[in-house]
Each structure stands twice: as structure tokens, then as C-alpha cells.
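Where a number appears in this text, it was derived from the coordinates with a stated rule and is not lab data. Here the structure is a predicted model, which means the values were calculated and not measured. Note that each Cβ is placed from the backbone with ideal geometry, even for glycine, and that neighbours are counted across all protein chains shown.
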Amino acid sequence: MTASKLGVAVLGVIGGSGLYQMPGLTAMEPLTASTPFGEASDGIVRGRLGDTPVVFLPRHGRAHSHSPSTLNYRANIYALKSLGVTHVLSVSAVGSLREEIAPGDLVVPHQFIDRTTRRVGTFFDRDVVAHVSMADPVCPFMAAAVASAARATGASTHVGQTYVCIEGPRFSTRAESRMFRQWGADIIGMTNVPEAFLAREAELPYATLALATDYDSWREQDEAHVDEIIAVMTKNVARAQAVVAGLAAALPDVGASPAQGATKHAVMTRWEVVPAEARARYALLLGDRG
């Protein structure tokens, strides 16, 4: 494990569809995750992969009981931050919008397009106004390390793509799927927004390991079916777990990540007028600005 300038490096893993547990974790300890923004998706587990501390959170719950639209993204990210996580890996099933990204391939996207409509997309929705830059929402050091770990599994790996996030839980119409291709999107999913944006607001270096499961509906012969997606996803779970293990063994130094200090100049509100309750709510994210 590469030492972080931040001190002890702790990998936070958000497990998506199919990845509800993390085999290989030792010294496992279940944790509760109450936050000022509500409860996290499910019980969080802390353990170790080799020498690396790991905090694992199943995004949809271990029984997959939370839909993409009802997830408490803020609580999930805040909980990871509060538990000392320094690096965040999001593992997510996606549809492919490109012929060359075949079901079973791995993708490490660099950009996101937000097509969600029902989610709270920021921690700063009351009392404090902060405008955090999202020009490049993925940490380049994390993305490079994830890509390296993915290639080490022998999987066909694509790096630098654009992920369009739709509201869900329904799949796209053919017209929508084709429109997203025209926009320049390469993969489509339902969960990485606002997750990636909240991670940046929390100054957590974030990257996605996307597991391509289908071709969405842009090709005439294709449409997304849950049973087919699950079949591909099941085959990919072991590969995803291998990527996590490889990443844990070689966490990058994220001291120069754009996530570090992301909120330093983002707060517009005069701190002296912020109520005490709000200061307490944001203490983990903003520190003491008095």
C-alpha cells in the first residue's frame, strides 16, 4: 500500500448491484452509521484487505431494498467520511452505449452527465451556500489506480468514458438511449449521481469501477432485461472483487487530488451568520472557520 500524505489510507468501497459483500475482509467489525443527513443504506462493515483498512457499504442494502431514486446518498458519503475513509471506490453496474464496450467489460469513467430529477444533489442545501467545482469530478490518481487493478485481472478495460446517470428505476426508451449516445455518453447508470458530486463536496477522492452488463436499448436487437443483466453481473462480481483487492494493495497517494481542499474557497455564506446547529452539521465537511 502506498502511504497517503493524509496519514493512514482507508479505502471506502460502495458496492453496487450484485456486490453486497466483500469476501477476503479480515478483522471485520459491523458499524452503525447515523449522520446529520439521516441513515446510510445499510450496515457498514470495517475490516482489512491485506494491510489496508477497508470500509464497505452496500449501496442498495444487502437485500437490494433501496431503489436508485430513494437512496440516501448524502448519508452514505457522510458516513464514509466520518469513519476516516480517504479513498472512495464506487462499484456500479451500467449499460453500454458503445459497440466496443461489451457486456462483461470494465469501465473507469472520468465524466458524468446528470439526468436525475428527484435527488438532493448537495450537502449545502440550507444555512450554508457553497459552490464546489465539478469540472473533473473523478480523482485522476484514483482512476489510474483502478484502471491498473482492472487491467491486472485480464478484463477488457476502458478508461476515460462519460457516464450518463438517469433517474430510474425504469430503463431508457430507445429514443433516450440514442440521444445519450449523441450527447457523447458512453455508459448509462442510475447511481453515480449525486454520489460522485457529494464525494467531491466531502473532499473525498472518488473513482468508479463500472461493470457493463448490457447494451441498453439503442440497438434494434437489444433492450435491457433484469434477468440477463443479473446473469452478466454475477459473472463479473468475482472480477470486481479482484479489482478491489488489487486497488487496496496499491492505493495511490491522493495528496494532490483535486478533491483536497475542494471546499476551501467554495463557501459564499459569511460564517459568523451561520447558526450553531448548522456549524455542527457541517463541522466534518468544512471544519472550524471561526
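Electrostatic tally near Val54: other residues with Cβ closer than 10 Å to its Cβ, Lys and Arg +1, Asp and Glu -1, net +2. The local environment of Ala240, defined by Cβ-Cβ distances under 15 Å, has a net charge of +3 under the rule Lys, Arg +1 and Asp, Glu -1.
Can you tell me the orientation of helix 276-286 relative to the chain, as the angle in degrees between its alpha-carbon axis and the longest Cα principal axis, to the nearest 10? For helix 276-286, the angle is close to 50 degrees. Dividing the helix sum by the residues of the chain, where each DSSP H run of 4 or more adds -39500 (n - 2.57), gives a mean residue ellipticity at 222 nm of -8500 deg cm²/dmol.
The mean sequence separation of alpha-carbon pairs under 8 Å and at least six residues apart, normalised by the residue count of region 68-171, gives a relative contact order of 45 percent. Dipole magnitude for the chain: computed about the Cα centre from +1 point charges on Lys and Arg Cβ and -1 point charges on Asp and Glu Cβ, it is near 480 debye. Each peptide in 162-168, 69-75 gets a packing score, the mean of other Cβ atoms within 10 Å over its residues, and the list from highest to lowest is 162-168, 69-75. For region 246-260 and region 137-187, what is the separation of their C-alpha centers, rounded to whole Å? One Cα centre to the other: 20 Å. Given 25 °C and 0.890 mPa s, compute D for region 141-185 with the Stokes-Einstein relation, Rh being the Kirkwood radius over Cα pairs; round to the nearest whole µm²/s. Roughly 192 µm²/s, to the nearest whole number.
Sorted into 5 angstrom bins from 0, the C-alpha pair distances of region 11-283 split as 1, 6, 13, 18, 20, 17, 12, 7, 4, 1, 0, 0, 0 percent.
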